Structures are given as structure tokens and as C-alpha cells.
Amino acid sequence: MKNKPETAYVLVVDDEEGIRSGAERILNRMGLKVLTAARGNEALDIMEREDVSLVLLDLKMPGLDGMQVLKRIRESDQNILVIIITGYATVETAIEAMKQGAYDFIAKPFEPDHLRIVVNRAREKIRLTFEAENLELERKRTLSDLGTEKSRVRTIIESLPNGIVVTNSSGQVALMNPAFLRHIGFDTLSCITGEQISHYVKDDGFCRLVMEISQGSHPAVGDVPTYEFSPAEGKFLMARGRPVLGDENECLGAVIAVEDITALKLLDRLKSEFVAKVSHELRSPLSTIHEQIALVLKDMAGEESNDEKLILARAKEKTGGLISLIGDLLDLSRIEAGAVCHEPKPVNIDILLKNIVDFLGTRAKSRQQTLTLELPDYPLPSLTTDPMALESIFGNIITNAINYTQNGGKISVKAVLADNKLIIKVKDNGFGIEQAYIDKIFDKFFRVKNEKTRLITGTGLGLPIVKGLLKDLGGSIAVESTPGSGSVFTISIPV
């Protein structure tokens, strides 16, 4: 069994010296034993040597990032609580970290009082968990104080800051703590157990998840099923659960934990609104500057190349890149706000693909590349959807293939119909992607940079846009790649 909570260390992991030293001073004044680490690998090494009960973990770090460190911590010790240190631009990742088992988050720059509140809440959770473990050991030693133990366990559950609801195999509620009742808006004094879960929560998706877990449809080990729902306007909750197994491994019911993620959702919405507003304000003046530079260059067309002309050409290239970035940011904001695919129309896939390949063929020819389209003998079915969304999906993937393939390379686009799904494969023999980057290429602003790709311009938003649009269409995208041999992007859209 681990040492008592007060004898264990708090580990602060952040690549910013100011954050580490500031947090260390605050935590030392709280009477805590503090260790610090500037990198993910360093933090994991410390945790192998020292007894750590709480980790303050930055998401954005060189080398192992926060999500990778969190995964390693969850694999090695489920009892260690992780508080995510998140910046304004990483709120979505913080939400994902909460889904992956992080206990809480704190946005930087943070005030000392805010840090104390979050850490004290975690200390209380650790203390309660420690007591619960002790109670479990006592239960195994003797059954003489069973009644007392039940009372103490109930007290612990009712003291937890997160909502807890326990159901039997029929989906009837056997136990609810006050936090759960507060989250769903029920009166904690008059509410009684025994009813179906749908009596307390009117969200069909949540009730379906509870019933599936209660009846053993989800395994007791492995990924924890999660579900987000809104019990009232302006309030957002995230639920995750586990089945309760009997002595013979039969499913007796479910335990569902419910967390309030309203603050994270609000920060996410504010971030999207901020990006959209700034993008709108910047696009008009940048477009004006771009056009004026183009006019000056046009007037200088007959002149020999000089430093002024080269500077203006470079400025025109950079303003064009910024305009493209702003367009991508606005597209992402619309996708995140659900403002796409609202006016579906029948789209002929054969014609759409031919037009895109013909249009991009000029760019491929300028680089001595071969761009081919292979369609099946039978006509592909029409899709009733947003044609602009499909153009953006296919155009981004084929453009990437052209950009990341050497001069003289080959790119092929193949379309087939299989299992009531439209399958589009875009294959190239270009630079390829290292396996370590496959999961990251769909992150916003991430671009693979090496000796072969460092001169390729781009925003790092094309693939996130593709993934977001495909999610709205109910589709998916998969990648296979070998460095030096090329890549294959497979798009799947249900018909």
C-alpha cells in the first residue's frame, strides 16, 4: 500500500521555469513536499524513484507532451491524481485529458489562490481515496464491523466533489450522492432511490450508456466509456462508468461518475469566438495590402530583378499565407460551431472528383508530377450533402499529396463503393510520414518539419478541417505511410 498522503510528493511538470518555481513556492507554503521536472521523461524517471500522489502536468512540452505523460501515468498507477496545467489555446486538449482520466485542470497564468483551491480539492480526494483503501483492507481482515464500514463508505461517497450514481442490472438506481443530484438539478432532500435512471436524467444517450454498462455490454477493464450531455441550458456534464462485477464475474450493475465540465466548454466557446472575431478583423486589411503589393509588382514587371522587387514578392507571398491561414481559422470556427452541411444538395461524386483532379492537375504538371484518377466501371452514387464540404475534403488531401511529393512523383486518386460506403484512396510516392507523427498530423497547426519539408508552406489546419468535416458527415479518415516511400490517405463516407 502507498504511504500516507501527507508523506508523498507533489510533482510539478512544466517546461517554464517561472511556472515551476512559482508553483513550488505556493505548495511549500501549504506544507507539501514538492518535486519539479522540466520534461516528460524526467517526470517519469522521478515517479519511478519517489512516492508521488499528485502531479501538476503541462500539456505543451518538448519531447513527451502532456497527453503522452498522462497516458503513461494512468497505465502505471491509477491512484495518482493529475491536474492539467493548460494554456488558453489548449482548452480542447484539456477536455480530452479529462476524458483520459485527468482529475482537474488549471489555466495559466493562474493566481496563487486558484492553485491552492484546486490542489486542496485534490488533496481531499487523495485523503478520501486513502481512507477508502484502508477501509477495504479492514473489511478483508474482519466482518465484525461491517455496519460501521458501510456507514463510513457512504460518508466518503457523499463527500466526493464529483457525482456518483450506482445502478443494479436492471438500470434501477441504488445509490446517488448529493453531488450527482446537484449536477442534474434534483432536490437532495426529497429525492429517493429505486426508480429507473430515466426518472432522474432525461437524456436518452446518458440513460442508454447506463443501461449498457449495467447489463454488462462494456468490459470492466480497458477504455472507460464516456458521454457528454447538458441537463440544463448553460450546463455541461461528462459521465464515465464501470460495471460492478460479482464473485463469479457476473454483472451486478454500474457505477457512473459525473463531472461538471461547464467551465471547459465556456472557455472553448470563448476561444472560438475570439478566433472568429480576430480573423474577420484581419482579413480585410490583409487582402487590401496583398492587392496593393500585387499592383506594385505588376507595374515593376518590365524592370530587372532588384532587392526592392524581391522584398515585395516575399511580402506578397507572406500576406497570401496569412490570408490562407485566416480562411482556415474561419472554416474551423464554423465546423466547431456546427455551421456546415446545413444546406445539403445532391452531389455527383464522379463529376466532383474529375473537376478537382483537373483543377489541381495544373499544379502537379508544374512540378512534373503525374496525377491520375481511377473511377470504377459502375457510376458512383450521388451524396446528398454540402458540396463545399466535399470539395474541401478531397481538395485538401490531394493538395497535400502534391505538396509533399518530390518533383516527378506520382499521385493517384481511386474511388470505389464498398459496404455502403464511398471509399476514396489518395496515394503518393512522396516523402512519407514517420510513425511517431501519424497521430499528430490531425492536430491544429501541427506540421511535419524535416530537411525535405522545411520549405513547404502551409497553415497546419488542412487536415484538422478534413477531420472535422468528415465527422459531421459521419465519415472517417485513415493514414498509412512509410518514410521515403509515400503515403496513402483513405477517406470513408457512408452512402
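What follows is calculated from the coordinates using simple rules that are stated; it is not laboratory data. Quick caveat: nothing in here was measured; it's all calculated off a predicted structure. Note that each Cβ is placed from the backbone with ideal geometry, even for glycine, and that neighbours are counted across all protein chains shown.
Using only Cα atoms, locate the centre of segment 28-42 and the centre of segment 197-266, then give the distance between them in Å, rounded to an integer.
Segment 28-42 and segment 197-266 have Cα centres separated by 34 Å.
Please report Arg182, Arg242, Arg49 as a ranked list, fewest other C-beta atoms within 10 angstrom at the top and most at the bottom.
Ranked by crowding around the Cβ, least crowded first: Arg49, Arg182, Arg242.
Which of rounded, prolate or oblate describes segment 5-129 when judged by the alpha-carbon gyration tensor and an a/c cut-off of 1.5?
rounded
Do any GluC sites (Glu not before Pro) in segment 37-106 lie in a loop, going by DSSP, with at most 12 other beta-carbon atoms within 10 Å of their beta carbon, and if so which?
Qualifying residues, ordered by number: Glu50.
What are the residues whose amide H is under 5 Å from the amide H of Gln369, where those residues sit 5 or more places off or on another chain and H is modelled from the backbone?
Long-range HN contacts for Gln369: Gly408.
Most exposed first by the Cβ proxy, i.e. fewest other Cβ within 10 Å, how do Met300, Met211 rank?
Ascending Cβ contact count within 10 Å gives the list Met300, Met211.
Could you pull out every residue, at least 5 positions away or on a different chain, whose amide H is within less than 5 Å of the one on Leu252? Hs are placed 1.01 Å off N in the peptide plane, and Pro or chain starts have none.
Val244, Leu245, Gly246
Could you tell me which of rounded, prolate or oblate describes segment 348-400, using a ≥ b ≥ c as the square roots of the eigenvalues of the alpha-carbon gyration tensor, with rounded for a/c under 1.5 and, failing that, prolate when a/b is larger than b/c and oblate otherwise?
Note, shape of segment 348-400 comes out oblate.
Taking the alpha-carbon centroid of each part, what is the distance from segment 110-139 to segment 461-493 in angstrom?
First find each Cα centre; the distance between them is then 42 Å.
Provide the per-residue ³J(HN,Hα) series for segment 257-269, in order, calculated from phi with Karplus coefficients 6.51, -1.76, 1.60 and θ = phi - 60°, each as a whole number of Hz, with x at glycine and proline positions.
With coefficients 6.51, -1.76 and 1.60, one gets 9, 10, 10, 8, 10, 4, 4, 5, 5, 5, 4, 5, 5 Hz.
What list of ³J(HN,Hα) couplings, whole Hz, do you get for segment 167-183 from phi and the Karplus terms 6.51, -1.76, 1.60, once you set θ to phi - 60° and write x for glycine and proline?
10, 8, 5, 9, x, 7, 6, 9, 7, 9, 8, x, 4, 5, 5, 5, 4
Can you list residues whose amide H is under 5 Å from Asn177's amide H, if they're 5+ apart or on another chain and H is modeled 1.01 Å from N?
Here the answer is Ile164, since their amide H atoms fall under 5 Å of that of Asn177.
I need the phi-derived Karplus couplings for segment 471-483: 6.51 cos²θ - 1.76 cosθ + 1.60, θ = phi - 60°, integer Hz, Gly and Pro marked x.
Once θ is set to phi - 60°, the couplings for segment 471-483 become 4, 5, 8, x, x, 8, 9, 10, 10, 10, 8, 10, x Hz.
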